[in-house]
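See structure below.
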Amino acid sequence: MDRSQIFGGSFEAADQQDRLDSAEMEPGEKFRLITYLRECFFGDEATTGRLPRIYRLTQLK
């Protein structure tokens with residue numbers, strides 16, 4: 001995605017442009033973007049850490 005341009009339109013127009021940009025991306029570029037966004041929202045542990053093992057026992061009726 002080219003972030004060097006400033007966009008001053010509506011949220012709907014920006015969302016549409018993001019969809020068009022992502023449609024033109026290669027699969028590897030999409031994966032890198034998703035990984036980058038996960039790290040931005042959830043920190044480095046989102047991509048480098050492991051999932052916690054949580055065991056839950058339930059009683060069947």
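The values are calculated or read from the model by the stated rules, or taken from the named source; none is laboratory data. A quick note: this is a predicted structure, and the numbers were derived from the prediction, not measured. Glycine also receives a Cβ, built like all others from the backbone with ideal geometry; neighbour counts cover every protein chain displayed.
Things worth noting here:
- Annotation note: of 56, 3, the sole residue that is at pLDDT below 75, among the charged types (D, E, K, R) and not in a helix (DSSP H, G or I) is 3.
- The single condition from (1) of a type outside the set (Phe, Trp, Tyr); (2) modelled with pLDDT under 90; (3) not in a helix (DSSP H, G or I) that residue 34 fails is (3).
- Checklist (1) part of a helix (DSSP H, G or I); (2) surrounded by 11 or more Cβ atoms within 10 Å (Cβ to Cβ); (3) modelled with pLDDT of 75 or more applied to residue 25, failing item: (1)
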